[in-house]
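Read the structure below first, then the notes.
Every number here is computed from the coordinates shown, using simple stated rules; none is lab data. Note that this is a predicted model, so its numbers are computed, not measured. Note that we place each Cβ from the backbone using ideal geometry, even for glycine, and neighbour counts take in every protein chain shown.
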6 protein chains.
Amino acid sequence: MRLSTRNQLSGTVVDVTTGAVMATVKVRLDGGDQIVTASITREAVEELGLEAGRPATVLIKSTEVMLAVEDQALADG
Amino acid sequence: MRLSTRNQLSGTVVDVTTGAVMATVKVRLDGGDQIVTASITREAVEELGLEAGRPATVLIKSTEVMLAVEDQALADG
Amino acid sequence: MRLSTRNQLSGTVVDVTTGAVMATVKVRLDGGDQIVTASITREAVEELGLEAGRPATVLIKSTEVMLAVEDQALADG
Amino acid sequence: MRLSTRNQLSGTVVDVTTGAVMATVKVRLDGGDQIVTASITREAVEELGLEAGRPATVLIKSTEVMLAVEDQALADG
Amino acid sequence: MRLSTRNQLSGTVVDVTTGAVMATVKVRLDGGDQIVTASITREAVEELGLEAGRPATVLIKSTEVMLAVEDQALADG
Amino acid sequence: MRLSTRNQLSGTVVDVTTGAVMATVKVRLDGGDQIVTASITREAVEELGLEAGRPATVLIKSTEVMLAVEDQALADG
């Protein structure tokens, strides 16, 4: 299956916290120390068997991505 | 300013493509080769002075992040 | 690949309109006459070879789905 | 009231699960067997009186819709 | 029609800019000077007849809303 | 830090409700009576020290904003 989703970042699950209907899953991206947090349904966590140590791909639609720049960086431009 | 936004990943702009009202900006994440694509307004690109080579932080609300696992990985579980 | 994305609806592409950086793709859902419109990047349209007649699966994260009820339906409740 | 929201799919609520602040609502689309899951606030569920059996319209902004194609379908293209 | 969408803010359209498939619409909220920008499809702009001067309601799902606080405000806490 | 996020509306927190992993925060916008509800992670609420009375800025990406018009308003057009 190939996705229109522009952002597909590989990593490893490092933490899962579940509530009644929602859950947060933290994934460490490969090749760096950056962590991504996903808020998904508890149902999805169970269905995919997500738990610490499992490889997972982070998916983010490009229309959901924002950008920020430092004021300093802009001033230097 | 401190944000509720869980995901704040540092990187560098590598490409900007602009249309009439929208634009796509590609950012290489620090500490790896992974690229993130953002679809933002042309107005935002101009206001922030986004262009290749500029440091930028990628912002993604956790409710926008999905996860995928390989079928293989699951079968091994 | 298995996705956390709750909504995966099968259908067939019926129309593609492309702009400079964005595109709209219309998909008729199987088993009914309902049409779903997706606003995705032009890059994704080209990469996936999306065109009228091609089978495609519509993906929607559950946190993006809203609901509406008729006032009448509520009054009857 | 007329909405800019491109996707307005009619169906019937088949399941509601509530947590402390969030809830998931499953809706069967008319004219087919496809189910859509919505993650909305518990407050909205109560305010709209959502419960199994109630007709409801699923609303999804087009910028939230992704597409997937089978690798096979692409290879045939 | 009653919506699960938590945020329904009344205002007046002050500007519309259209591209090939997308458009940006600026709305001044009632009772203040704050402006909201919406990136919606060109199709929606035409279908709703959006133009400067027309009253419009801004709709935003609560899961799409982020918050920020000043560092100062936090330090005082 | 400057954000690509088009919508940055200032206000004051009036209510916080927390669940196991998610929370809803209500913010009254300055210069009016309009209330915005944000569904964010409990983690973010704690990290930012959000509580009633605290000034906060509401952030909304423009691609998340929908618009509605009254049928009447359209008929008059």
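Is it possible to state the helix-based mean residue ellipticity at 222 nm for chain F, with each DSSP H run of 4+ residues giving -39500 (n - 2.57), the sum divided by total residues, to the nearest 500 deg cm²/dmol? What is it?
Using -39500 (n - 2.57) per qualifying helix, the result is -4000 deg cm²/dmol.
To the nearest 20 debye, what charge dipole does chain F have about its Cα centre, counting +1 at the Cβ of each Lys and Arg and -1 at the Cβ of each Asp and Glu?
With only Lys, Arg, Asp and Glu charged at Cβ, the dipole is about 320 debye.
How much net charge surrounds residue F:16 when only other residues with a Cβ under 15 Å from its Cβ are counted (Lys, Arg +1; Asp, Glu -1)?
Here the count lands on 0.
How far is residue F:55 from the same spot in each other copy, in nm, shortest first, if each label point sits 7 Å from Cα toward Cβ?
2.8, 3.3, 4.9, 4.9, 5.8
Counting Lys and Arg as +1 and Asp and Glu as -1, what is the net charge of the other residues whose Cβ lies under 13 Å from the Cβ of residue A:37?
Every neighbour counted, the sum reads +1.
With Cβ to Cβ distances under 13 Å as the rule, what net charge do the other residues near residue A:28 carry (K, R +1; D, E -1)?
Charge balance near residue A:28 sits at -1.
Pairs of Cα atoms under 8 Å, at least six residues apart: use those to get the relative contact order of chain B, whole percent.
36 percent
Could you tell me the distance between the Cα centroids of segment F:1-65 and segment C:1-58, to the nearest Å?
Taking the Cα centre of each part, segment F:1-65 and segment C:1-58 sit 33 Å apart.
Please give the average number of partner chain Cβ atoms lying within 10 Å of the Cβ of each residue in D:53-59, rounded to a whole number.
Average per residue, whole number: 6.
Starting from the 7 Å offset along Cα-to-Cβ, what nm value, one decimal, do you get for the label separation of residue F:35 and residue D:47?
With each label placed 7 Å out from Cα toward Cβ, I get 0.8 nm.
Taking a point 7 Å out from Cα toward Cβ as the label site, list the nm distances between residue C:10 and the same residue in every other copy, smallest first.
Reported distances to equivalent positions: 2.5, 2.9, 4.7, 4.7, 5.5 nm.
Evaluate peptide D:12-23: per residue, the Cβ atoms of other protein chains within 10 Å of its Cβ; return the mean as an integer.
6
I want to check the label-to-label distance for residue F:17 and residue D:28. Put each point 7 Å from Cα in the C-beta direction and report it in nm to one decimal.
3.0 nm
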